[in-house]
Amino acid sequence: MDVFTSRKTHSLSGLCFYPHPSTFIRLGKSEGVLNRDTLTAGAIWVLLTIIAELSFTSLNIFGDAASKQGEFIDDAFILLVLLAIPILTFVITMIGYVFFKFRAKGDELEDSAPTRTHTKWVGFWLIWTTVLCLVVIVHPGYTGLLEIRQTSAEEPDLTVNVTGRRWQWVYEYEGRGVQLLMKDDTLVLPNHSLIRFNITAEDQDVIHSFWIPAFRMKIDAVPGLTTYMDVNTTEIGHFNDDVNFRVQCAELCGKDHSQMFTRVEVVEPAEFEQWITNR
C-alpha cells in the first residue's frame, strides 16, 4: 500500500487538504539537528569567537597595572571578557540566523499552530549559563577578593592620609611631616612598598571618589567617615609618561569635578626618602 494513501486529513482555516509528499522530505531535512544551516551558523559562531578573542588579547586597553592589586583586577577582567565573548558572538550569530532563515518570502507562508522545538537545547543553555555564573562568582570573584586582602595583611610601609574637598585633594604623609595640595604638588610614592591610603572628605562637603587608574583601585571619600585602601606598588611611573599615574575624582561632585586630580609619581625607595628629606 502506498504510504501516502493512508495519510490523515489536516484542517487549516476550515479547509481540508492532503500534504504533498515533498512536504515530508523538506520537514525531514529542516528538523535535523545538524542540517546544513545549523552547521553554517555554528561555523560562523566559532569564526567570530576566534576573531574576537584574538583581537581582544592583542589589545592593551588600559596599559600595564602598577600594583599587585591591579594585576589581580586585570586578570579577572580579562577572564570575564574571554568568557563573555562566546556568548556575545552566539547571540549575534543567532540574530543573523533567524533573520535570514525565517524571514517572510511572499506567499510561501501559511498559518499553522505554534510548535515548541529545541527544548533540549534550551535546557542545556540554561544549565550551562547557570554553571558559568556560579564559577565566575567563585573565581575570580571570591578568590580575587581573598588575594587582594592577603596582599594588605601586613603593616604598611607608608601611610598617606587623604582628605577630599571641593575641588581638591589634601595629602598628609603620616609621621613624615609632609603635606601636599593637589594643585601644587605631585603625589610621590615609593616602589615595591605597601601603601595605605586613609581616605575621608571634609564635613559639610559632598562625596568624592579617590581613584588611581594605574593601581586599578578606587574608593569613596565620604564626609565624616574614614575608609582605607591598600596598594602594593610594583612599577615606576610618572604622569608625564603615563596618564594613568594620577589621582582622579571618580564621583561627579560639582562644577570643577574634572579638575580634581593630582599627578602621581612612583620612584625607588631611596629616591623617595631623599624627596621626603628635601621637603
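The values are calculated or read from the model by the stated rules, or taken from the named source; none is laboratory data. Every value quoted in this text rests on a predicted model; they were computed, and no experiment measured them. Reconstructed Cβ throughout: ideal geometry from the backbone, glycine too, with neighbour counts over all protein chains shown.
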Residue pairs meeting the criteria (Cβ under 7 Å; at least 6 apart or on separate chains; first over 15 Å from T234 (Cβ atoms), in segment 267-278; second exposed (fewer than 12 other Cβ atoms within 10 Å of the Cβ) and at pLDDT below 95) | none
If you go through segment 228-279 one residue at a time, how many are assigned to a strand (DSSP E or B) and among the charged types (D, E, K, R)?
-> 4
Identify the residue in segment 189-221 that is among the polar types (S, T, N, Q) and in contact with a Leu (Cβ under 7 Å, 6 or more places away or on another chain) and, among all such residues, is surrounded by the most Cβ atoms within 10 Å (Cβ to Cβ).
-> T200
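Within segment 170-182, can one find any residue that is assigned to a strand (DSSP E or B), within 30 Å of the chain's Cα centre (by Cα), under 23 Å from D256 (Cα atoms) and not acidic (D, E)? Outline the logic, then answer.
From segment 170-182, those assigned to a strand (DSSP E or B) are 170-173, 178-181; that's our starting set.
Narrowing further to those that are within 30 Å of the chain's Cα centre (by Cα): none.
Checked segment 170-182: no residue is assigned to a strand (DSSP E or B), within 30 Å of the chain's Cα centre (by Cα), under 23 Å from D256 (Cα atoms) and not acidic (D, E).
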Unmet requirement for G224, which otherwise passes all of (1) modelled with pLDDT of 95 or more; (2) small (G, A, S); (3) surrounded by fewer than 21 Cβ atoms within 10 Å (Cβ to Cβ) = (1)
Filter segment 34-77 down to residues that are charged (D, E, K, R) and more than 21 Å from G144 (Cα to Cα) and give me whichever is nearest to the chain's Cα centre (by Cα).
-> E53
Flag if F272 is surrounded by 14 or more Cβ atoms within 10 Å (Cβ to Cβ), touching a strand residue (DSSP E or B) at 6+ places or on another chain (Cβ under 6 Å), at pLDDT 95 or above and within 21 Å of N60 (Cα to Cα) = no
From (1) farther than 30 Å from V188 by Cβ; (2) modelled with pLDDT of 85 or more; (3) part of a loop (DSSP other than H, G, I, E, B), pick out the condition that doesn't hold for G32.
-> (2)
